[in-house]
Each structure stands twice: as C-alpha cells, then as structure tokens.
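Visitor: My questions all concern the structure below.
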Amino acid sequence: MNDILKNSVLLLTVCMLASLFFICQTTFSNLIWLYHKGMPVSAGIAVTTILSDLIGMNTRGEFPIIVIISAVLLIAFFAARIVLIWIQIEQKYLYALAGAVSILVLLVSIPNFFYGLELIAGARTYLGKFILTCSGYLSGYVFGINLCRSES
Amino acid sequence: MKHAYCLFFMILLVSNAIASPSEDYRFETIASDLEHPWSLAAISDSEYLVTERVGRLRRIIDGQLDSKSVDGVPKVLFKTQGGLSDVILHPNFAENRYIYLSFSETKLGTPSLNTLKIIRGRYEDGSLHDIITIFSAKPFRKAAAHYGARMLFLNDGTLLITSGDAFNPREKAQTLDNHFGKVIRVNDDGSVPDTNPFLGQKDALPEIWSYGHRNMQGLALGKGGKIIFEHEHGPKGGDELNILKSGLNYGWPAITYGIDYSGAMISPFTERAGMEQPIKYWVPSIAPSSMVFYDKDMFPTWKGNLFLSALVPGDVRRLSISDGKVIGEEILFEELGRVRHITVALDGSLLLATDGPKGQIIRVSARDASDKNWASGE
C-alpha cells in the first residue's frame, strides 16, 4: 500500500515536471521570438508570463495540459512495466524511452486530431518537438530511477 | 452623494445617447438547405449569387434557389475552414459581367499543401467564362485554416483581398516576404498598383498593403469610401475591428488581446509604438465573419452603422461609429444563430447567410404597416 502511494506521488511529480517543461518551452519560444522582433521582453515579463502560462495552460485552455500529459505518461509507463517482464533492460532507460515516445506521439497526433492545427505553440518547429520529446525522456528517466530506488 | 447622483445621471444620459432605438424588422427566408453558405452578392433586387463552401456557386432568382449551380467554378479544397469563400461583383459589373471568387486550392501534385486563390470570371448565362487568376497566396500552407478570403473593391477601382495567417506560421504575419496575415491590394486584373506601399522594397512582396493581421473575414467601406473597416478573428479572445491604412502594421502576433487555444499567452503585450490599435476588440470572442456598412434608407436609424455578422454565440452586431470610434453596440438577430455573412440588398434590406450544412439566406426588411403577422424580430 505504501509503495502504491509512493509510486503515485512519484508519477504525479514526474507529470508535473513534464508539464512544467511543456509550459516553459512554449513560453520561451514565444518570448524569444518577441525579443527578436524588438519587443521589450524583460526578466520580469518573462517571469510573469511563465506564471500566467502555468495557470493558463491548465485552466484557460481547451484542455488542461497536465491532464493530457499525465494520461499519456501513465499509458507509456504502464506499457513499459509490461515490457520489463519479458525484456532485460535497465528500467530507467526503458521508462525514459517510453516517456520520449509517448510525448512524441502526442505531439505528432495533435495536428491529426485538430485539422492540421498545432495547438501547442512550442511544438510547431522540429526543434520544439525535439525539446518536448526530451522532456518526456527526462521525465521517464526520473521516474525509472526513483522507481528503482523505492523498489530496491 | 451629490457627485454619485450626477455620475449616475450622466451615465444614464450617455448610455441612452449611444443606444439609439432599434428598427422594427421582419425576417423572410429566401433560400434553404444551402451547404455551408459563405458569401452572397446581390446582382439585382431579384437575383443573388451565393457561394457554398463545398465548392458550388448558386443562384437565387425571383426568390427561388436555382437547383443547378453555376458552371465553370474551379475545383476547390473543401476541408476544415477551406472551400469556396467570397463572391463579389466588379464595380462595373453591369458592363463587363465580371465576378470575383476566393477559394482554397491544393497545390498541383502536392495535395498536402494548399493556398488561397482569387479568380475573375465573366458571369453569363449561368456560367463563368474567361477565367483568370487574380491572386494566389505564397507560400503554400499545410493546414486548411485561416485563409481570410474576403474581398472589397475600393473607390479607386483596386481590389483588397484579406489573406489570413495560415494558423501555424503566425509569426510570418510580421514579415513582408510572404502573404500570410496580410491585406493584399491589386488592380482588377491582378496586376500590382504602382501606389502600393511596399512596391520596390527589398524582401517585400509588392501586393502587400498592410500586415500584422490574423484571420480577417470582414472588409467594408465607410461613408464616401474614405474609411476602410476590417475585422479579424482573434485567438481565444481578441477579435478586432480595425481601420485599415496603407503600409501599416496591425501587430499580430506581437501584440494581441487574446490568448492561445492552449491557454498560453501569445504575447504579454497589447500595444507597441509602430503597431496599430483596434478601434474595438472583443474578449471573449464573437468570431466576426463578415461586415457591411449600412448606407440605405430602408432602416433610417441604422444609416451610417456598421453591421458585423458573428458566429459565437451567433448574432449580428450593429456598431455606431463616430470619428472613427465605436460609440455603441447593439446585438441583433440572436434567434438566427451563427451568421456567416451579411450584406445589403439594393433595396436597403439586409441579407444574411446562416452558417452550417443546412444554411439559409434570410432577408431582413423594414416592417410594413400592413403586415400584421409579425412582431419585431420574429
């Protein structure tokens, strides 16, 4: 029971971490472009925009980003857990791979579900997709490592 | 306390002054079961042309929808927001019979890409003849969205075309080497007028007339043709009504009153020197879909007002304008739902196209004293 609770908290933490990456990447991709266009982007504006996006992308959007990411990572980690029964591989790498693949699939799928529209602004470029996929990898890696520790 | 009373009465006075009484009117359905009607043009009091986004150009003659669509309309891309869009008449239509159509079209040999295209054709005997391309937006886009696609002839005979930002590459609205998020100005044969603001400028396309727009679906000339009104869809909030001027930057997406559909900020800025402010904006969005300036006599108290059709929640906005500022707004025709297009018939009645797969064309006329079967807005 204690392990289930621990793992649930771990999963939630990892999902929050991935969501934070998503939001910050979107915010910065917007702010960097604005800065290059000569808009007065200061450190203060960057901080308030990130805070606004943290709230906005979870409350004001068409979908709460943390719910989507949590659902995707949950499915990916569950699949990884099953794969681990048959394949001998360090689980931190498998979870990392699962996290990366799931986020990449999410990013590629969104335009297919929404008429070719990229609803995550930060994912409109290949670089953006790569960075967000890395966030999935990192989240899975953190999950895998900490799962290892709690199980050992 | 005295000041509070004074303030209250002043507010009452001002609100009464700007909300002039609405006219009595009645609805008359003149065509039904149109597939996604997008635009209509009145040739005469008895003949209208209507575009269906699926790719058909229909005729309404003497109150009857012709079952046969107009021949010669090019194949369009009917997908998402794309399809056959605007139809307008040449200012000298009576002599040359030219009509202009805007639509989305796939790239030849590359169906994953598409663009906004404008053609001109001679409308005769229920067919289009002598079709030429007037404008084709560059570059091609992937998503079938945000075409703009509205057209308007100015008093000098040049044609304005709204070319939307294509959704995904929205930042391109701020650079002049492409047609995304731009108002285009061409002559009636598609050539570039030599008075265009960016003509001869390095890295700028010569057809561009103004930039920094999003998805502009309304264009209207004000009284005497001196003021050009333009409206555009904002993202989540931030729909704008602008006064268009040559060579100006309207800010999108560097400044906006809206946020992204994801809930993220598109920009923390709403104003910036060198970028134009809207004369009105809507938060939340009303999704303005077309616009017309009313200058006829059928509805005397509406004369000089702007009418905007809106898709969300679905109504028509009557805007009172004074000195280039919006001083009053009235919501009309809510019972009709999503209104895709509004225009004025030659007799001064308003013609509306309702949105959807079973769209209707509805005429709004002044109440006739002899008409006993209707009440205001019925």
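Quick note: the coordinates plus some simple rules give every number you see, no bench work behind them. Note that the coordinates shown come from a computational prediction; the quantities given were computed from them, not determined experimentally. As a convention, Cβ positions derive from the backbone with ideal geometry for all residues, glycine included, and neighbour counts pool all protein chains shown.
Visitor: Aspartates and glutamates within cross-link reach of residue B:226: Cα-Cα under 14 Å, excluding same-chain residues under 8 positions apart?
Guide: B:156, B:295, B:323
Visitor: What ranking of B:191, B:349 emerges when the number of other C-beta atoms within 10 Å of each C-beta is taken as an exposure proxy, fewest first?
Guide: B:191, B:349
Visitor: Seen from all sides and averaged, what is the projected area of the convex hull of the Cα atoms in the protein assembly as shown, in nm²?
Guide: Mean projected area for the protein assembly as shown: 33.3 nm², to one decimal.
Visitor: Would you mind getting me the FRET efficiency between residue B:245 and residue B:296? Use the beta-carbon distance for r and R0 = 22 Å, nearest 0.05.
Guide: On the way: r = 26 Å, r/R0 = 1.20.
Efficiency for this residue pair is about 0.25.
Visitor: Counting pairs of alpha carbon atoms under 8 Å apart in space and at least six apart in sequence, what relative contact order in percent does the stretch B:21-144 give?
Guide: So the answer I get is 17 percent.
Visitor: How big, in percent, is the set of alpha carbon pairs in the stretch B:108-258 lying more than 24 Å apart?
Guide: 31
Visitor: Turning to a different aspect of this structure: Across bins of 10 angstrom width beginning at 0, how are the C-alpha pair distances of the stretch B:250-378 distributed, in whole percent?
Guide: Percent of Cα pairs in each bin: 11, 35, 32, 16, 5, 1.
Visitor: For a quick check: with amide H placed at 1.01 Å from N, whose amide H comes under 5 Å from residue B:327's, ignoring anything fewer than 5 positions away on the same chain?
Guide: Result for residue B:327 returns B:320, B:321, B:322.
Visitor: Strictly over 30 Å apart at the Cα level, which of B:75/B:172; B:79/B:202; B:182/B:236; B:142/B:202; B:172/B:303; B:223/B:280 would you flag in this model?
Guide: B:79/B:202; B:172/B:303
Visitor: If a/c stays under 1.5 just call it rounded; otherwise compare a/b with b/c (prolate if a/b is bigger, oblate if not). Do that for the stretch A:65-152, with a ≥ b ≥ c from the square roots of the Cα gyration tensor eigenvalues.
Guide: Prolate, since a/c reaches 1.5 and a/b exceeds b/c.
Visitor: With each pseudo-label sitting 7 Å past Cα toward Cβ, what's the residue B:138-residue A:35 distance in nm, one decimal?
Guide: Here the answer is 3.3 nm between the modelled labels.
Visitor: Quick one: Karplus J couplings for the stretch B:274-286, per residue in order, coefficients 6.51, -1.76, 1.60, θ = phi - 60°, nearest Hz, x for Gly and Pro?
Guide: For the stretch B:274-286, the Karplus curve yields x, 10, 6, 9, x, 7, 7, 9, 10, 9, x, 5, 10 Hz.
Visitor: For chain B, what is the mean residue ellipticity at 222 nm derived from helices alone (per DSSP H run of n ≥ 4: -39500 (n - 2.57); sum divided by total residues; nearest 500 deg cm²/dmol)?
Guide: Working: 2 runs with 21 residues, N = 378.
Value at 222 nm, helices only: -1500 deg cm²/dmol.
Visitor: Given labels modelled 7 Å from the Cα in the Cβ direction, how far is it in nm from residue B:203 to residue B:32?
Guide: Computed distance between label sites residue B:203 and residue B:32 equals 5.7 nm.
Visitor: Expected output is a single nm value to one decimal: the length gained when fully extending between residue A:55 and residue A:6, i.e. 0.36 nm times separation in residues minus the C-alpha distance. What is it?
Guide: 15.0 nm
Visitor: Same structure, new question: Can you give the FRET efficiency for residue A:145 and residue A:67, using 1/(1 + (r/R0)^6), R0 = 22 Å, r = Cβ-Cβ distance, to the nearest 0.05? The partial results should precede the final answer.
Guide: Working: r = 25 Å, r/R0 = 1.12.
My answer for the efficiency is 0.35.
Visitor: Using a cut-off of 14 Å between beta-carbons, work out the net charge of the residues near residue B:124 (Lys and Arg +1, Asp and Glu -1, residue B:124 not included).
Guide: Numbers: positive: B:59, B:97, B:120, B:122; negative: B:47, B:71, B:95, B:125, B:130.
Combined, the nearby Lys, Arg, Asp and Glu give -1.
Visitor: Would you work out the charge dipole size for chain A about its Cα centre, treating the Cβ of every Lys and Arg as +1 and the Cβ of every Asp and Glu as -1, and quote it to the nearest 20 debye?
Guide: Roughly 140 debye for chain A.
Visitor: Could you give the distance between the Cα centres of the stretch B:27-53 and the stretch A:111-127, to the whole Å?
Guide: Measuring centre to centre over Cα atoms gives 36 Å.
Visitor: Considering chain A, what Rg and Dmax in Å follow from its alpha-carbon atoms?
Guide: 16.7, 55
Visitor: Next up: Quantify how strongly other chains surround peptide A:53-61 by giving the mean number of their Cβ atoms within 10 Å of each of its Cβ atoms. If you can, show how the numbers build up before the last one.
Guide: On the way: counts 7, 2, 1, 7, 6, 2, 1, 9, 7.
Per residue, the average neighbour count from other chains is 5.
Visitor: Using the Cα centre of the stretch B:73-197 as the reference point, and only Cβ charges (+1 on K/R, -1 on D/E), how large is the resulting charge dipole? Debye, rounded to the nearest 20.
Guide: Dipole of the stretch B:73-197, to the nearest 20 debye: 640 debye.
Visitor: Sum -39500 (n - 2.57) across every DSSP H segment of at least 4 residues in chain A, then divide by the residue count to get the 222 nm mean residue ellipticity, nearest 500.
Guide: Calculated mean residue ellipticity at 222 nm is -28500 deg cm²/dmol.
Visitor: Please list, in order along the stretch B:111-127, the HN-Hα scalar couplings obtained from phi with the Karplus expression 6.51 cos²θ - 1.76 cosθ + 1.60 (θ = phi - 60°), rounded to whole Hz, x for Gly and Pro.
Guide: Each residue of the stretch B:111-127 in turn: x, 6, 10, 8, 7, 8, 10, 10, 10, 10, x, 8, 8, 8, 6, x, 9 Hz.
Visitor: When a/c reaches 1.5 or more, the comparison of a/b and b/c decides; with that in mind, is chain B rounded, prolate or oblate per its Cα gyration tensor?
Guide: Oblate, because a/c is 1.5 or more while a/b does not exceed b/c.
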